[in-house]
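For reference, the structure discussed in these notes is given below.
The values are calculated or read from the model by the stated rules, or taken from the named source; none is laboratory data. For clarity, every value in this text was computed on a predicted model and none was experimentally measured. Cβ atoms come from the backbone with ideal geometry, glycine included; neighbour counts cover every protein chain shown. Please note that ligands, DNA and RNA were not included when accessible areas were found on the heavy atoms of the full protein model with its side chains. Shrake-Rupley method; radii C 1.70, N 1.55, O 1.52, S 1.80 Å.
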Amino acid sequence: WLTNGRGGSLALVLADAGFDVWLGNNRGNKYSAKHLRLRDDDDEYWNFSFDEMARYDVPAMVHYVLRRTGQRKLSYVGFSQGTAQAFAAFAQDADLASRISTFAALSPAATVTGLSRSLIASLVSANVDFIFLLFGRHAMLPYAHRVRRMVSPALHVRLIDGCLRYLFGWDVSEMAPEDKELMYAHIFSYSSVKCVVHWFQVIRSQRFQMFADRDRARHVVAPTYDVTTIQCPIALFTGGKDTTIDADRLVGMLRATELHRDVFVHHEPTYEHLDFMWARSARDRAFPALVSQLWQNADWDDVESVASFGAASLTAASLSRAASLAAVTGTGSGAAAAGGGGG
């Protein structure tokens, strides 16, 4: 949210547009590696998937911001997993959704396609016990940060470019080469292995479902999050070269309902998954439409004076830097909250 300079970082763009910007965070990443009573080497500390982020983290951040600012509503801007946990949170909690004036989803991850371009795709169909045996039950790939410190910035850029090309088929051509050293330093933050397993289950089932415990997985169909029931305006920002999500399926699901028949969709044909965050062109091609949506759906009943240029807020979180932001409109100090990223 902050690595692309004042004119290209969404958090700063929104602040310059008059929004009160709040950056949120999820459990378990490098920015939140503490707990009131657990140590980060305890199994219980890592016993979470994005179910817990949706059930606890998103509501905690939204209510915190609204309580601190005295506003009735906020706008939530999420990226990647930050959108997934918001879709899940708003689908299961109608009262929480009623506090959202706009849910802007960048690279929305409620309908995912998987890792079909990679041999690692075989892990998606692997037995849950095998994945836990392979990676343990704590953080996923915790040594990745040590690798980054051991190699030169230029070599790290080449490694990340190669991984993105191998795993997802991305050429990251929309990102300026001279920006990558800084951005790739923030591209990854570990999450729990259980969270990654949860994503494998979603990919394998092609259903936006809750986590299925391994002891029950063979006997019970996990409940799904019905995103078509979300009671707040949704704005989708999708890329034509994003191989990780099935945007057409998500748009079709929403527009098939009376509630979201007119859902706003901003599509960039040349954008891949990361480009709504880090492409230099996003400041001109995507951010103006996003800012317009936030103002269009603002809760103007909460504004004491239009001349004071309402406040808003936004939150960001990261787990592999798939993050979330949120914004609230009002007068004085606005506020917001948000979610996290993908492994």
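In segment 1-39, whose amide N lies under 19 Å from the spot 7 Å out along Cα-to-Cβ of D284? List them in ranges.
Residues passing the 19 Å test: 4-10, 13-14.
Pull out the extension gain between N47 and R146, defined as 0.36 nm times the separation in residues minus the alpha carbon to alpha carbon distance; nm, one decimal.
Net length gain for the segment: 33.3 nm.
Could you give the length gained on full extension between T224 and T270, defined as 0.36 nm per residue of separation minus the Cα-Cα distance, in nm?
Extra length from T224 to T270 when fully extended: 13.4 nm.
Can you tell me the length gained on complete extension of the stretch E181 to L36, counting 0.36 nm per residue apart and subtracting the Cα distance?
48.7 nm
So which lysines pass the test for K34, namely a Cα distance under 20 Å, with those fewer than 8 places away in the same chain ruled out?
Reachable lysines: K194.
Residue by residue through segment 70-87, what is 3J(HN,Hα) from phi via Karplus (6.51 cos²θ - 1.76 cosθ + 1.60, θ = phi - 60°)? Round to whole Hz and write x for glycine and proline.
x, 8, 8, 9, 9, 9, 10, 10, x, 10, 6, 4, x, 7, 4, 5, 6, 3
Under the rule of at least 5 residues apart or a separate chain, name every residue whose amide H is placed under 5 Å from the amide H of S75.
Sorted by chain and number, the residues that satisfy this are S101, T102, S313, A327, V328, T329.
In nm, to one decimal, how far is the modelled label at L155 from the one at L12, with both set 7 Å along Cα→Cβ?
3.1 nm
In what sequence, largest accessible area first, do S281, S49 appear using a 1.4 Å probe?
Ranking S281, S49 by accessible area, largest first, yields S281, S49.
What percentage of the solvent-accessible surface of segment 78-173, computed with a 1.4 Å probe over protein heavy atoms, is contributed by carbon and sulfur atoms?
Within segment 78-173, the accessible surface is 62 percent carbon and sulfur.
When the Karplus curve 6.51 cos²θ - 1.76 cosθ + 1.60 is applied with θ = phi - 60°, which whole-Hz ³J(HN,Hα) does each residue of segment 183-193 get, with x for Gly and Pro?
In residue order, the calculated couplings are 5, 5, 5, 10, 6, 10, 9, 5, 10, 7, 4 Hz.
When the solvent-accessible surface of protein heavy atoms is calculated with a 1.4 angstrom probe, in what order do M175, M253 fall, highest first?
Accessible-area ranking of M175, M253, largest first: M253, M175.
Calculate, for segment 153-216, the solvent-accessible area per residue in square angstrom, rolling a 1.4 angstrom probe over the heavy atoms of the protein chains.
Accessible area per residue, segment 153-216: 44 Å².
In terms of Cα to Cα distance under 23 Å, which lysines are near enough to K180, apart from those fewer than 8 places away along the same chain?
Those lysines meeting the cut-off are K30, K241.
Residue by residue through segment 99-113, which ³J(HN,Hα) values in whole Hz follow from phi under the Karplus form 6.51 cos²θ - 1.76 cosθ + 1.60 (θ = phi - 60°), with glycine and proline marked x?
With coefficients 6.51, -1.76 and 1.60, one gets 8, 9, 7, 8, 10, 9, 10, 8, 6, x, 10, 8, 10, 10, 10 Hz.
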